[in-house]
1. With a 10 Å cut-off between alpha carbons and a GNM built on chain B, which of B:ARG180, B:ARG202, B:ARG114 moves the most?
2. Take the alpha-carbon centre of the stretch B:207-230, take the same for the stretch A:73-122, and report the distance between them in whole Å.
3. Using only the Cα atoms of the stretch B:1-128, build the gyration tensor, take square roots of its eigenvalues as a ≥ b ≥ c, and label the shape rounded, prolate or oblate: rounded if a/c is under 1.5, else prolate if a/b is larger than b/c, else oblate.
4. How would A:THR591, A:THR228 line up by accessible area, probe 1.4 Å, largest first?
5. For the stretch A:444-480 and the stretch B:137-203, what is the separation of their C-alpha centers, rounded to whole Å?
6. Which of rounded, prolate or oblate describes the stretch A:292-343 when judged by the alpha-carbon gyration tensor and an a/c cut-off of 1.5?
7. In the protein assembly as shown, what % of DSSP beta bridges are antiparallel (nearest 5)?
8. How large is the charge dipole for the protein assembly as shown, taken about the Cα centre, if only the Cβ atoms of Lys, Arg (+1) and Asp, Glu (-1) carry charge, to the nearest 20 debye?
Amino acid sequence: MMDQRPDPDALLAAVTKLEHSATRGKLKIFFGMAAGVGKTFAMLQEAQARRAEGVDVVIGYVETHGRADTAALLSGLPIVPRRAYAYRDTVLEELDLEAVLARRPRLVLVDELAHTNAPGALHAKRFQDVLDLLEAGIDVYTTVNVQHVESRSDTVRQITGVTVHETVPDSVLDAADSIELIDLAPDELRKRLAEGKVYVLERAGVAAASFFRIGNLTALREMALRLTAERVDHQLRDYMELKRIAGPWKSGERLVVAISASPLSERLVRWTRRMAYNLEAPWLAVHVETTSTTSSAAQAQLTRNLELARSLGAEVLTVSGDDVVATLLHVGQQRNVTQIVVGKPERPAWREWLRGGSVVNRLIRTSGDIDVYVISGDPDSSSPRGQSWPTPQSSARQYLGAVAVVMAATLVNLALLPFISYEAVALLLLLVVLVLPLYFGRGPVVVAAALSAISWNFLFIPPRFTFLISRLEDLLLFILYFVVALVGGSLTTRLKAQQVLLQRREERTRALYALVREFAQLETIDAVVKAAVAHLGAAFDADVAIVLATGPDRLADRAHPASSFALDEKELGAAAWAFSRQRAAGRSTDTLPAAIGTYHPLRAPGALVGVAGIRPRNGRTLTSDQEPFLEALLAQVALAIEHERLGEAQERAVLLTESERLYKTLLNSVSHELRTPIAAITGAASTLRALPDDQADARLALAGEIQVAAERLNRLVENLLDMSRLESGMLRLRLEWCDVSDLVSVTVQRVRPLLERHDLVVDVAPSLPLVQMDFVLIEQVLVNLLHNAAVYTPPGTRVRLQAVQDGNRLNLIVADRGPGLSPESLDRIFDKFYRAPGAAAGGTGLGLSIARGIVEAHGGTLSAENRANGGARFLLQLPLTPPPPLPAEASLEIPDD
Amino acid sequence: MTDGPLVLVIDDEIQIRRLLRISLETNGYRVHETARGVDGLAEAARLRPDLVVLDLGLPDLDGLEVLRRLREWTQVPVLVLSVRASEEEKIALLDAGADDYLTKPFGVGELLARLRTAARHNQPAGESPVIEIGSLRVDLEKRRVWRDDVAVTLSNTEYSLLRLFVRHAGKVLTHSQILREVWGPGYAEEVHYLRVYVANLRKKIEQDPGNPTLLMTEPGVGYRLTTDPS
């Protein structure tokens, strides 16, 4: 407690702020109480002074509002042209952020920090543009009025009655390196207003006039002064921290504000932010999620509230619990909270009492050390249960249904009345009321409970057919009935709601589990992306696009093909922004909100692996309770993608080793295969020259040797060329409709010399359909297969070439009666450079590998097996597609005679 | 020797030129060589050869360009030599007016046969309306077809197809050339028409349609009606 050393964390914070500002541009804000105090004028004056010092100053966006003295100050300052955005019928001009970034001045002037950009601009708000400029190391001068400060906008509304829509988060003001207050006495300002020196929008003339009342101005002036004073105080403290000057150290305070789905929670948030700022305390915004169901409108309001808290610098927590008070206090104790802020309930006391006491009362009673602030104006400070009583979702049909059930039960009981007592009737009706909540909402149940009580009274309690109750016992029974029905019904309703919530959670857990399990089985990034798109799409009823990173800082320029919606340039821009800033962008965010999808960076432990775009199909935005789930799923997706990335990198390393091995085999094989025929040719040619004239037989034999060797060389070269075409991916299929019998006959003509000592049998099924293929390449495949048969089977054995249709495939079969394939060969026969053990000299081990490459390029398969009665069988399967129609043949025939 | 047909060889490879000179001169041709496309064009105009053997890979001009410039003024038969030309190249050459092509390496026997066929293209047709190739006889005037002296019935399209082949007997016709001639300019890509009609035609004119000896397939390029069936 008495430790006077600076808190290390605080010191670190101060140092980082300082370091940060070394690379960042400096932000100076010209701050005023209202329009017309001369902020722009002061800004321009200072800019001129800086220009005179030789600083590179440009104007990004300055509005002179036609004031001559202001306009005069523009002279000599270079202006970056504004960017025009077409919006409905008009053209809006905005700061051209990209142009300024490209121009890279030392200092840029950007007027009106709180301005909202035109739809279509990169950022929704101008202050975001300014943050980008600072990030890029460019100094910025800007102007703000106090009513545009987020945490003050409530107070401004209370004072002036004007709601301010354009606000700047306090964090931006905090980040400013200096704030210069442009002060003007209210009287002076009113005088300038009267002289027409203050720019006022025409349409807002009357409102503006009341805005500029002297009372308002005084209040605004005080606010502006106080804000500036608070800031000075902060700066002093920063300085003292840094210089280790002992002083009033951080208070150790920590605030919690309870947030509900009420619009008034916004007030609580702003109040807490001011309080936290003054105390220099961290603060949390907590929403307690109870079992009650809420409408989508309430859900959206809640999301807005939480978003506001986040933007004002709160740490936002959503916790589940049925008891708001207990949950809130639990969080408080866990996080060492010193103060809790809740709204003052405005519902009647009896309702509080009915529910076991007011939340506020219970909170105050049980809070122990924690101080509780109760702020007015929020009827549902922390108890969203109020919203579901009666359940807003229950439709008219539900009410009618509940009434019908009660009426039916009453009729049945009327029929039973002769046999049972009217007390038993009450029990039966009660049973119906208790079962109802399983199918109906709270409202209908209450109606049913009341209706059944009344009908019991009217139809069954003697004297019957009157509302009179004669016996005290009956009256007691009636009241008891009513209370039991109500309480029982509402208990069942709550049970049901709990069950629904549980179910929803279970569904999410299951979805997450399914995703993780599926990812574990996938082996490529493509498969992971495909699964991610499917799972995310199903979980959020949304279209999903995934853009993968292509490098540490680079994003692919298109969405992954498995994505379920396409990204145009604008969408890709949002995705790129989300990637480079590691923050969500696009729809329902501050950046590029005009985009149709919301883009979330995919963060894995090692790196940023890409961006996921979500576009809900029903056109809604995700609710706050869906967001943590989305984050969990995205984290898994990122993890899986990174995992596959690493796997692929490893595989590439393995492949590289493999290709080195292949390269060596190739060199060995090729050098041998090239040299043998060359040796034969040189030998034969030199012998030929030396041969005497009369040796005609020897001459012929030698010429024959030369020819055989040359043919062998030629085959080798063709194989190598084919292989390299296949490997390089340069192989382009020329698909044409081909006649299979034509293919077979051409092939047979080519291989006949090779197989002249074999018994070649050709068997082409009649009326085969036309097949789409590259005639020349498939011919090459068949030639390779037949050549293989010729080399590996003894002369005199049969080689069969067969073509048959097999459903929607064409089977081309080359079968022989040779020695067949060894088990090892069966596995490896299509590998490059693989040669069966004991193979005859003269092959490269490329023919079959080429054949398979060609067939697979056609979308077909090539396989090998041993035949039952000896020999090998190669099966080539090509897909068949129905050929296009033929023209109708003219019926004119050539006469016979 | 002095009155044999004159062959102009345009090839930059000295070895190929030497081989061609030896092979052709021993077979009764006169040979004139040139190594460059530009020279080849000039020599063709000066010497008026009976045949041109043109290599595709020339150092100065693309072989296809030489062929086009030749065709601007002469119908002299041109036999193109190439190293492993792709089918697209072959088709482009034939469409540009080459009479035939031969892929290196080639046998001299094959070369001589192609030269003989090409030379025949250029001779004025004997004006005889009846053409006989092996067992096939076609009377172009009477539009009649016989196989082994038995009359054959052809549909109109089949007959148009056969007539085209007969008129260009020995020459390779590309798919698109045939389709344009028989079906019309709009049908140049409809190769499947051709497959079906050629199969039908073979059934009627070939002894063994599964093993044709008259109407030969040039893989990936087109068809050729042979002039000397074996």
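1. The residue that fluctuates most here is B:ARG180.
2. A separation of 76 Å, based on Cα centres.
3. Since a/c stays below 1.5, the shape of the stretch B:1-128 is classed as rounded.
4. My answer, sorted largest first, is A:THR228, A:THR591.
5. Value for the Cα centre distance between the two parts: 102 Å.
6. Oblate, because a/c is 1.5 or more while a/b does not exceed b/c.
7. Of those bridges, close to 50 percent are antiparallel.
8. Dipole magnitude for the protein assembly as shown comes out near 2860 debye.
The values are calculated or read from the model by the stated rules, or taken from the named source; none is laboratory data. For clarity, every value in this text was computed on a predicted model and none was experimentally measured. Every residue, glycine among them, receives a Cβ derived from its backbone with ideal geometry; neighbour counts consider all protein chains shown. To get the accessible areas, we keep the full protein, side chains included, count just its heavy atoms, and leave off ligands, DNA and RNA. Shrake-Rupley method; radii C 1.70, N 1.55, O 1.52, S 1.80 Å.
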